[in-house]
Amino acid sequence: MPTLDISNLTKAYGDNVVLHGISVTIADGEFVSLIGSSGCGKSTLLRTIAGLESITDGTISMDGRIINTLPPKDRDIAMVFQNYALYPHLTVAENMGFSLKLRKVDKATARKAVEEAAELLGLTDYLDRPPRALSGGQRQRVAMGRAIVRNPKVFLFDEPLSNLDAKLRVQMRLEIKTLQKRLGTTSVYVTHDQVEALTMSDQLVLLNRGNVEQIGTPSEVYHRPANTFVATFIGSPAMNLLEGTYLREGDLSTLDVAGTRISLPGHPELANGSTVNVGIRPEHLVPVAQAAEGCFKLAVGLSETTGAQTLVHGTAGDQDLAAMLSGDFSPPPGSELTIKPQADAMHLFDARSGTRLPLHNEAAVRTAPTLIPAQ
Ligand SMILES: Nc1ncnc2c1ncn2[C@@H]1O[C@H](COP(=O)(O)OP(=O)(O)OP(=O)(O)O)[C@@H](O)[C@H]1O
Ligand SMILES: [Mg+2]
C-alpha cells in the first residue's frame, strides 16, 4: 500500500483551476520531487497534502485512509519551509522542541528527541543560541530538526534550499538526502531546480500549468522524456530541438536534419516525409576528426567554458545547435566543427503535439501512477 496516494486531485481558487486532476502514488520511504516552473502548482499540491489548503475534487490517502478533510495537526506530516519559519525569540533547542511542547510530551522525552536530532544534524553546540546567531545553512538544519523530532510519517519540503548560496545548496542537498535515507521517512520535495530534483529523488513528478507532464525516475525523465516540454525542461544545458524529416526507403529509415542524413531504427507509425522534432542533448554530441555520414557540420559561434567543459553554440544547416565538449576545446568563432550524435542518443517527437515517438522496443513513459512498475 502506498504511503501517499493522490488521486485525481483538483484544486480551484474560484474559477481559476490550478491543479487539474493530479494522480501520484508515493511508496513508503520514497523521496519524490515535484518540479516545474514558477506558478505551475507545486506549492499548492504540497499544501493540499499538508492540509493547509482544501481540495476541490479527488482524494488524498495516507496508508489507505482518505485524509481529504483531516486537519493538518492530525496528518502525521511535518513541513519544512523555504524561509525556515523559526521563532526568533526562542533558542535552537526550543525551536526544535516546540511541537513536542505543544503536544505536551514530557520534558525529558522531548529533550532527548531534540538532543538526538541535534546530534544527527551537527547542531549540538548551537542548542542555546537564538536563530539570528546562526548561518543560513545552520538555520536550515534547525528547520529540519524541528521536522525530525516529530518523527512524522511524511516530510514535506517547499524549496528548502533556495535561500542558500550555490555552494551551501550543494552541501545541504547531500545532507538532506543522506538524512532522509537514514531515517527512511517518505518525503515530498518541491523545487524548481532540476539538478536538485535529479540528484535527490527516487521519482520526479514534472508539473506544467497544474498538469502532470511525466512521472519517472531521474533516469527515465532524462533518457525517455515524454514530450518536448519535459525534454527541454530536464537537462542542463537544454536539449537541442531540431526540425527534421523522416524518410523511409524500403527497410531503411533516415532523418533529414540540420543539413545531414542520419539513419535510425524504423518508426512504422510515421509516414514517409513526416516532419518531426529531433531532440539531441548537447552532451551527446562528440567531435570527430573526419566528416562522415550522419555528422553535423557546426558553424561555430560563441563558446562558454566552465573549466571542465565547453559549451559550443553554433548552427548546423541553418538550425541552432549547441554541443558540450571537453574543457580543453575552444574552437574560434567562425570555424567549423564536425560533430556526431552518439548512437541511441536521439529523441523523436511528433512535430504537432510534441509527444515522444517511442521506438517499438521502448517501454511507455508514465504520466499517471498506474504504470509504475514494482520496485
Ligand atoms: N490563495 C490563492 N488564491 C488564488 N490563487 C492562488 C492562491 N495560491 C496560489 N494561487 C495560484 O495558483 C497557481 C499555482 O501557485 P503555486 O504557489 O502552487 O505555484 P508554484 O509552482 O509553487 O510556484 P513557485 O515556483 O513560484 O513557488 C498560481 O497561478 C498562483 O497564482
Ligand atoms: Mg511555490
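The values are calculated or read from the model by the stated rules, or taken from the named source; none is laboratory data. In this text the structure is predicted, and so the values were computed from the model without any measurement. Cβ placement follows ideal geometry from the backbone for every residue including glycine, while neighbour counts extend to all protein chains displayed.
Please go through segment 315-337 and pick out each residue that is surrounded by 15 or more Cβ atoms within 10 Å (Cβ to Cβ) and more than 21 Å from Tyr222 (Cβ to Cβ).
Thr315, Ala316, Gly317, Gln319, Phe329, Pro331, Leu337
Give the residue, chosen from Ala113, Ala85, Ala118, that is of a type in the set (A, V, I, L, M, F, W, C) and within 16 Å of ligand 2 (Cβ to nearest atom).
Among Ala113, Ala85, Ala118, only Ala85 is of a type in the set (A, V, I, L, M, F, W, C) and within 16 Å of ligand 2 (Cβ to nearest atom).
Just the residues that are more than 16 Å from ligand 2 (Cβ to nearest atom), touching a strand residue (DSSP E or B) at 6+ places or on another chain (Cβ under 6 Å) and not in a strand (DSSP E or B), please, taken from segment 145-161.
Answer for segment 145-161, where residues must be more than 16 Å from ligand 2 (Cβ to nearest atom), touching a strand residue (DSSP E or B) at 6+ places or on another chain (Cβ under 6 Å) and not in a strand (DSSP E or B): Ala147, Arg150, Pro152.
Looking at segment 51-98, which of the residues that are small (Gly, Ala, Ser) and assigned to a loop (DSSP other than H, G, I, E, B) is surrounded by the most Cβ atoms within 10 Å (Cβ to Cβ)?
My answer is Gly51.
Of all residues in segment 294-310, which are within 13 Å of Ser326 (Cβ to Cβ) and surrounded by fewer than 18 Cβ atoms within 10 Å (Cβ to Cβ)? Before the answer, list the steps.
Of the residues in segment 294-310, the ones within 13 Å of Ser326 (Cβ to Cβ) are 303, 305-310.
Passing the criteria: Thr305, Thr306, Gly307, Ala308, Gln309.
Just for segment 1-47: of the residues that are among the β-branched types (Val, Ile, Thr) and within 13 Å of ligand 2 (Cβ to nearest atom), which one is farthest from Phe157 (Cα to Cα)?
Val18
Of all residues being assigned to a helix (DSSP H, G or I) and among the polar types (S, T, N, Q) in segment 194-203, which is nearest to Val18 (Cα to Cα)? Just the residue, please.
Ranking the qualifying residues of segment 194-203, first place goes to Gln194.
Looking only at residues that are more than 8 Å from ligand 1 (Cβ to nearest atom) and charged (D, E, K, R) in segment 24-49, which one is surrounded by the most Cβ atoms within 10 Å (Cβ to Cβ)?
Glu30
Has segment 319-326 got at least one residue that is part of a loop (DSSP other than H, G, I, E, B) and either in contact with a strand residue (DSSP E or B) (Cβ under 9 Å, 6 or more places away or on another chain) or assigned by TED's automatic domain parsing to the domain that holds Leu9 (or both)?
No, there is no match, as no residue in segment 319-326 is part of a loop (DSSP other than H, G, I, E, B) and either in contact with a strand residue (DSSP E or B) (Cβ under 9 Å, 6 or more places away or on another chain) or assigned by TED's automatic domain parsing to the domain that holds Leu9 (or both).
Output the residue which, of all residues in segment 167-193 that are within 21 Å of Ile22 (Cα to Cα) and buried (at least 21 other Cβ atoms within 10 Å of the Cβ), is nearest to ligand 2 (Cβ to nearest atom).
Once the filter is applied, the top-ranked residue is Val190.
Would you point out which residue out of Leu206, Leu164 is more than 16 Å from ligand 2 (Cβ to nearest atom) and either closer than 26 Å to Val18 by Cβ or not basic (Lys, Arg) (or both)?
The match here is Leu164.
Kindly list, by first and then second residue, each pair from a residue in segment 327-339 that is more than 16 Å from Ala289 (Cα to Cα) to a residue that is part of a loop (DSSP other than H, G, I, E, B) and not aromatic (Phe, Trp, Tyr), limited to pairs with Cβ atoms under 6 Å and residues at least 6 apart or on different chains.
As it stands, the answer is Gly327/Gly307; Gly327/Ala308, since those pairs meet every condition given.
Regarding Phe329, is this residue closer than 28 Å to Leu270 by Cβ, in contact with a Pro (Cβ under 8 Å, 6 or more places away or on another chain) and aromatic (Phe, Trp, Tyr)?
Details: closer than 28 Å to Leu270 by Cβ: no; in contact with a Pro (Cβ under 8 Å, 6 or more places away or on another chain): yes; aromatic (Phe, Trp, Tyr): yes.
It is false that Phe329 is closer than 28 Å to Leu270 by Cβ, in contact with a Pro (Cβ under 8 Å, 6 or more places away or on another chain) and aromatic (Phe, Trp, Tyr).
Taking Leu70 as meeting all but one of (1) more than 16 Å from ligand 1 (Cβ to nearest atom); (2) within 28 Å of Arg366 (Cα to Cα), write down the number of the exception.
(2)
Among the residues in segment 202-225, are any more than 16 Å from ligand 1 (Cβ to nearest atom), hydroxyl-bearing (Ser, Thr, Tyr) and in contact (Cβ under 8 Å) with a residue 40 or more places away in the chain?
No, because not a single residue in segment 202-225 is more than 16 Å from ligand 1 (Cβ to nearest atom), hydroxyl-bearing (Ser, Thr, Tyr) and in contact (Cβ under 8 Å) with a residue 40 or more places away in the chain.
Output the number of residues of segment 270-293 satisfying the condition of being in a loop (DSSP other than H, G, I, E, B) and either of a type in the set (Lys, Arg) or surrounded by fewer than 17 Cβ atoms within 10 Å (Cβ to Cβ) (or both).
Matching residues across segment 270-293 total 10.
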